[in-house]
Amino acid sequence: MNILLEFFVVTFRVLWAFVLAAAKWLVRPKEKSVAGQVCLITGAGSGLGRLFALEFARRGALLVLWDINTQSNEETAGMVRHIYREMAEEAAATAAPGVAGDGEKDVLPHCNLQVYTYTCDVGKRENVYLTAERVRKEVGEVSVLVNNAGVVSGHHLLECPDELIERTMMVNCHAHFWTTKAFLPKMLEMNHGHIVTVASSLGLFSTAGVEDYCASKFGAVGFHESLSHELKAAEKDGIKTTLVCPYLVDTGMFRGCRIRKEIEPFLPPLKPEYCVKQAMRAILTDQPMICTPRLMYMVTFMKSILPFEAVVCMYRFLGADKCMYPFIAQRKQATNNNEAKNGI
């Protein structure tokens, strides 16, 4: 009898979850504030990582930027500092004249905002742990962790060196374990924080020619989902998680990738700015998962229920079965040109 009663309660809660989800479609939830919180972003030197840094900076977060490329990371930091200066100037300009105390109170938080840069190879475990220790000593505890760093080898499986396969898995998947293990303990202690996993639609469904990349992103998605369940099981509701799974983003990472030309106008590569703005809305409203565009939800659902041969037929119709082949060919040509230039 108890289990029957509990079954009805669970059924009601499931239906209520659908109602709440539908309500969020109709009424946009209020965005939370991250002002003054320490936000760490991996892969911040370019692409989505740089755009995430600029968006968090505009919201008054204190930025910690990690990237393997020191120069590009410093360029991002320069953009963040420019935003901080604009915020301070705007706060000073809007401060009421003759009310120095209030004016200083408004300007002070923006003046205190800083950006910290660290050169870190997230694919190397010890490098992650050492850099994380530096962050704790020099900046403080991290409240928002954005696992964004990613690489792609651009080779067919049998042509891909083992070292590149390992590198892809380390950066795209294993690094999430290291960064989370470094910063989650304090989040658990405070029951406060937010962990963002920037994965890919190729972590939900796959295509030919990028086995290592798909495997790494599937791994990142699995890690994120298991972590989310672990936090729920521990009743740490103050720690939020958001999984970001965008379609092909026009950052140059997959330059040359093409689906069927008749379909491409209806499903073009995403603008990076649009992708990040959608992700930021999800993060700041504590949305557990965001797929961009929304069509990706349907594709994932259909992949789960359709026979494999039906999925293959759909891929071939869309030109998604070999969409990565032009990209791989370009990477191979670029590699050959570099070898020829270097006299190899």
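Name the single residue that is farthest from residue 297 (Cα to Cα) among those in the stretch 237-250 being assigned to a loop (DSSP other than H, G, I, E, B) and touching a strand residue (DSSP E or B) at 6+ places or on another chain (Cβ under 9 Å).
Selected residue: 238.
Would you please name the residue that is farthest from residue 34 (Cα to Cα), looking only at residues in the stretch 180-194 that are hydrophobic (A, V, I, L, M, F, W, C) and surrounded by fewer than 18 Cβ atoms within 10 Å (Cβ to Cβ)?
My answer is 188.
Could you please give the count of residues in the stretch 133-163 that are over 19 Å from the mean Cα position of the chain (by Cα) and either on the phi > 0 side of the Ramachandran plot or aliphatic (A, V, I, L, M) (or both)?
6
Tally time: how many residues in the stretch 22-51 are open to solvent by 50 Å² or more (accessible area, probe 1.4 Å) and either among the polar types (S, T, N, Q) or part of a helix (DSSP H, G or I) (or both)?
We begin by selecting, within the stretch 22-51, every residue open to solvent by 50 Å² or more (accessible area, probe 1.4 Å); these are 22, 24-28, 30-33, 35-36, 46.
Cutting the leftovers down to either among the polar types (S, T, N, Q) or part of a helix (DSSP H, G or I) (or both) gives us 22, 24-26, 33, 46.
Result for the stretch 22-51: 6.
Is one or more of the residues making up the stretch 12-27 at pLDDT 95 or above and within 18 Å of residue 281 (Cα to Cα)?
For the stretch 12-27, residues at pLDDT 95 or above and within 18 Å of residue 281 (Cα to Cα): absent.
Pull up the stretch 274-302, narrow it to residues that are exposed (fewer than 14 other Cβ atoms within 10 Å of the Cβ) and touching a Leu at 6+ places or on another chain (Cβ under 8 Å), then point me to the one that is farthest from residue 317 (Cα to Cα).
Of everything passing the filter in the stretch 274-302, 288 is farthest from residue 317 (Cα to Cα).
Of the residues 117, 197, only one is open to solvent by 20 Å² or more (accessible area, probe 1.4 Å) and in contact with a Leu (Cβ under 6 Å, 6 or more places away or on another chain); which?
On the way: 197 fails: open to solvent by 20 Å² or more (accessible area, probe 1.4 Å).
After applying the criteria, what remains is 117.
Of these, 197, 180, 207, which one is touching a helix residue (DSSP H, G or I) at 6+ places or on another chain (Cβ under 8 Å), polar (S, T, N, Q) and assigned to a strand (DSSP E or B)? Give the derivation first.
On the way: 180 fails: assigned to a strand (DSSP E or B); 207 fails: assigned to a strand (DSSP E or B).
Going through 197, 180, 207 in turn, the sole match is 197.
Can you name the condition, by its number, that residue 243 falls short on among (1) more than 25 Å from residue 194 (Cβ to Cβ); (2) open to solvent by less than 20 Å² (accessible area, probe 1.4 Å)?
All conditions are met except number (1).
Restricting attention to the stretch 144-154, does a residue exist that is crowded, with 23+ Cβ neighbours inside 10 Å, free of Cβ contacts under 8 Å to residues at least 60 places away in the same chain and more than 24 Å from residue 325 (Cα to Cα)?
Looking through the stretch 144-154, none of the residues is crowded, with 23+ Cβ neighbours inside 10 Å, free of Cβ contacts under 8 Å to residues at least 60 places away in the same chain and more than 24 Å from residue 325 (Cα to Cα).
Suppose we filter the stretch 1-41 for residues that are in contact (Cβ under 8 Å) with a residue 40 or more places away in the chain and either more than 20 Å from the chain's Cα centre (by Cα) or under 18 Å from residue 81 (Cα atoms) (or both); how many remain?
Selection size over the stretch 1-41: 12.
Got at least one residue in the stretch 54-70 being more than 13 Å from residue 143 (Cβ to Cβ), of a type in the set (A, V, I, L, M, F, W, C) and open to solvent by 10 Å² or more (accessible area, probe 1.4 Å)?
If we filter the stretch 54-70 for residues that are more than 13 Å from residue 143 (Cβ to Cβ), which is where we start, we get 54-55, 57-58, 65-70.
With the extra rule that they be of a type in the set (A, V, I, L, M, F, W, C), the set shrinks to 54, 57, 65-66, 68.
Right, trim to open to solvent by 10 Å² or more (accessible area, probe 1.4 Å) and you get 54, 68.
Yes: the stretch 54-70 contains one or more residues that are more than 13 Å from residue 143 (Cβ to Cβ), of a type in the set (A, V, I, L, M, F, W, C) and open to solvent by 10 Å² or more (accessible area, probe 1.4 Å).
I need the full set of residues from the stretch 210-219 which are in a helix (DSSP H, G or I), open to solvent by less than 20 Å² (accessible area, probe 1.4 Å) and in contact with a Leu (Cβ under 8 Å, 6 or more places away or on another chain), in order please.
Hits for the stretch 210-219 are 212, 213, 214, 217.
Please identify the pairs in which a residue from the stretch 294-310 that is among the β-branched types (Val, Ile, Thr) has its Cβ atom under 9 Å from the Cβ atom of a residue that is at pLDDT below 90 and surrounded by 13 or more Cβ atoms within 10 Å (Cβ to Cβ), counting only partners at least 6 apart or on another chain.
If the second residue must be at pLDDT below 90 and surrounded by 13 or more Cβ atoms within 10 Å (Cβ to Cβ), the pairs left are 299/314.
Assess whether residue 318 counts as being touching a residue at least 12 places away in the same chain (Cβ under 8 Å) and surrounded by 14 or more Cβ atoms within 10 Å (Cβ to Cβ).
So residue 318 passes the test.
Could you list, in sequence order, all residues of the stretch 251-266 that are among the charged types (D, E, K, R), closer than 19 Å to residue 295 by Cα and in a loop (DSSP other than H, G, I, E, B)?
258, 260, 261, 262
The values are calculated or read from the model by the stated rules, or taken from the named source; none is laboratory data. Since the model is a prediction, treat every value here as computed from it, not as a measurement. All Cβ positions, even for glycine, are placed from backbone atoms using ideal geometry, and neighbour counts span all protein chains on display. The protein model used for the area step is the full one, side chains on, heavy atoms only, and it has no ligands, DNA or RNA in it. Shrake-Rupley method; radii C 1.70, N 1.55, O 1.52, S 1.80 Å.
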